[in-house]
1. In this structure, is B:T121 of a type outside the set (K, R), surrounded by 14 or more Cβ atoms within 10 Å (Cβ to Cβ) and touching a helix residue (DSSP H, G or I) at 6+ places or on another chain (Cβ under 7 Å)?
2. Is it true that some residue in region B:217-234 is more than 25 Å from B:K149 (Cβ to Cβ) and in contact with a helix residue (DSSP H, G or I) (Cβ under 6 Å, 6 or more places away or on another chain)?
3. Select from region A:228-280 the residues that are in a helix (DSSP H, G or I) and among the basic types (K, R) and write down the one among them that is farthest from the chain's Cα centre (by Cα).
4. For region A:349-361, give me each residue that is without any contact (Cβ under 8 Å) to a residue 24 or more places away in the chain and within 17 Å of A:N314 (Cβ to Cβ).
5. Restricting to region A:191-206, give me the number of residues that are assigned to a loop (DSSP other than H, G, I, E, B), free of Cβ contacts under 8 Å to residues at least 40 places away in the same chain and closer than 19 Å to A:G370 by Cα.
6. Go through (1) part of a loop (DSSP other than H, G, I, E, B); (2) within 16 Å of the ligand (Cβ to nearest atom); (3) not basic (K, R) and name the single condition A:Q17 misses.
7. Give me the residue from region A:185-206 that is surrounded by fewer than 18 Cβ atoms within 10 Å (Cβ to Cβ) and out of contact with any strand residue (DSSP E or B) (no Cβ under 9 Å at 6 or more places or on another chain) and, out of that set, nearest to the other protein chains (Cβ to nearest Cβ).
8. Would you mind stating whether A:D156 is in contact with a His (Cβ under 8 Å, 6 or more places away or on another chain), away from every other protein chain (no Cβ under 14 Å), in contact (Cβ under 8 Å) with a residue 12 or more places away in the chain and among the charged types (D, E, K, R)?
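The values are calculated or read from the model by the stated rules, or taken from the named source; none is laboratory data. Being a predicted model, the structure only gives us computed values, none of them experimental. Glycine gets a Cβ as well: all are built from the backbone with ideal geometry, and neighbour counts include every protein chain shown.
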Amino acid sequence: MTDPLARPPKKNPQKVQTVPVLPPSFRSRAAMGLTAAAAEGRFKLQHCAECGTVQYPPRDACVSCLGLELLWKDTDPVGELIADTIVHTSPNLYFRRQAPWRCGTVRLSAGPSIFCHVHGDCVKGSEVRLLSRLDRAGQGVLIAIPKETTPNMADDPELRELGADPKHRRVLITDGRQPGAPALAKALLDAGAMTVFVGEGETWRPYPERSALEKMDGVNLMPLDLTDTSSVVELAGEIGGKVDILINNARFMRPGGVLARGDTAFARDEMEVNYLGLMRLAQAFGPGMKARGADGINNAAAWVNILSINAIANDPAYGSFNASQAAALSLAQSLRAELRPGGVKVMTVFCGPTDDDWYQDVPPPKLLPGAIARSVVQGLRDGVEDVLCGDVAKDYAERWRQDPRVLERELAGDVG
Amino acid sequence: MNALTQMATALTRGEIEVVDLTHTLDPDFPVIILPPEFGQCARFRMEEVSAYDHRGPAWKWHNISMSEHTGTHFDAPVHWVSGRNVANGAVDEIPAEAFIGPVCVIDCSEGAAQDDDFELTPEIIAEWEATNGRIPENTWVLMRTDWSKRRGADYLNMREDGPHSPGPTPEAIRLLVEERGIRGFGTETVGTDAGQGMHYAPPYPAHYILHGNGRYGLQCLTGLDQLPATGAMLICPPLKIRNGTGSPLRVLALVPKGAS
Ligand SMILES: [Zn+2]
């Protein structure tokens, strides 16, 4: 079993900040398939279309038949740990700092033998499961974990390093006024978050979520309005150095496409909150988080945006709002690249229609706050970049992969 | 010495005091809240363009944005449907002389302290006139409630059934407009109407009757406790916005020293 992770001590103010360093990040284009799969938390390997061989490491041609059509497919992750070793030193700064580091070879039932990271609870000669994870450099790597859950399994230093587990971390939820905010705060506290800061704007305007948030031990309500630069800057000045996970749940939305409204007022509000709000937050909190990527057990680990799945394909019933979601998604891609040198992950939780006032005339299934909260926590534990929350998001993403243009036309509905 | 040089002398000697009746334009200052499906009043916002830095080495400046009805602001007749056809009803068309003139202050602060929905009625106006004389034609009338001293959620005082704050009854506004011929009416609350003003007939009587008759409104005023009941001069020029329905502005009062 893994030793339970101790609550980190208070920071020694006389010590120099540990500078983030990254594991080697160069990959061939072929190997990027592993990264793409890890970004979604899927264990995929190259399968030869010609002869069916499953191969690792990724290459440009099949090792058996030299076939060139190699498909990245979900693969049975079970195998046997046939060899293991512990790295005590390394010329690479990252692994030198992380040492000792266990690695080993797993012979997969699917065929290939794979050299990978190894969880401390894996026993040589026994069955293990491979996970596809993103390392601190944002590249796909594989780690073997015990087939059955072991006590404190998530506290294994290698596994923790490959995720952004909320345990012992300090979280900022940016908008307490969102109907899902109390469920989200509770899920994070239940997952072991040390503190959950919750931003609240316009305290001169009462809101029902406040009483639930106030009652939670570990929740700190802080003034924050994403549309007001001075408020974002002020809060970053106050708590920016101790936000390890930032969850941007702010959302402004009104129904309607381009022609329904006849003005740009709501569109502007949508961009102010959903797009520029993200930018203000990133400019205020991003540099501090990027610098704190190696700050011990509660280092800065992840930035989460909760967006509509219609960021990838517009449903014109909410056309203007969805455009702001697309803008936010694009900005998040830039932010991901910009935070990567600090080892901080940027994750998007894609949601279908939520069960609230603004989707009241949309038929079910609709997402309840608890479902989104569970997705956020699971996504953080897995350290993924994309989380599809609920059946609608999963369905749209699948259809989008098949053909974005067909999905666009389907979302537009019937004419007349 | 003409009247103006006399006044200038009095100002330089401090015999006339200048009182600021304006709230600071602050991003966190409350604005009126409408049902969410309606368009909303934009909050005051300020974005730095440069601050003696790489974005502009020797200067600091901001882009600002807000509604015509954000903060301490002026309501023009075209703000309300009843005033849509009033001649010269937009802020850029209103004759400049409307922006400076005598002001009467009706102190309702005691009543408002007891009752969040305190009403200014014809009886209260009659009482005020018994002490201070008849309200002259073409003056500004301000309703003092000390509401401007409230902070946070107490200012809008929003409950399940909407905001609760003092304001005039339809009869009181009708009296002021139709019988006294006032120029405009001002309050310390977020609107010229009571928080529950939608339940009067007509709804929002101050807006409806004032603007329908080409009169003006001032709201989110502060410092009315520094004004005498009569004898002060109000200065309230809005920004000259083409077809503007209102404008944030600086509201000043000239007060004879020791009068308040
Ligand atoms: Zn092959």
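1. In short, yes.
2. Going through region B:217-234, the residues more than 25 Å from B:K149 (Cβ to Cβ) turn out to be none.
Checking region B:217-234: not a single residue is more than 25 Å from B:K149 (Cβ to Cβ) and in contact with a helix residue (DSSP H, G or I) (Cβ under 6 Å, 6 or more places away or on another chain).
3. Step one: filter region A:228-280 for residues in a helix (DSSP H, G or I), giving A:229-242, A:265-280.
Applying the additional criterion that residues be among the basic types (K, R) yields A:242, A:268, A:280.
On the way: A:K242: 19, A:R268: 28, A:R280: 20 Å.
Here the residue is A:R268.
4. A:Y359
5. 1
6. A:Q17 satisfies all of (1) part of a loop (DSSP other than H, G, I, E, B); (2) within 16 Å of the ligand (Cβ to nearest atom); (3) not basic (K, R) except (2).
7. A:D190
8. Against the criterion (in contact with a His (Cβ under 8 Å, 6 or more places away or on another chain), away from every other protein chain (no Cβ under 14 Å), in contact (Cβ under 8 Å) with a residue 12 or more places away in the chain and among the charged types (D, E, K, R)), A:D156 qualifies.
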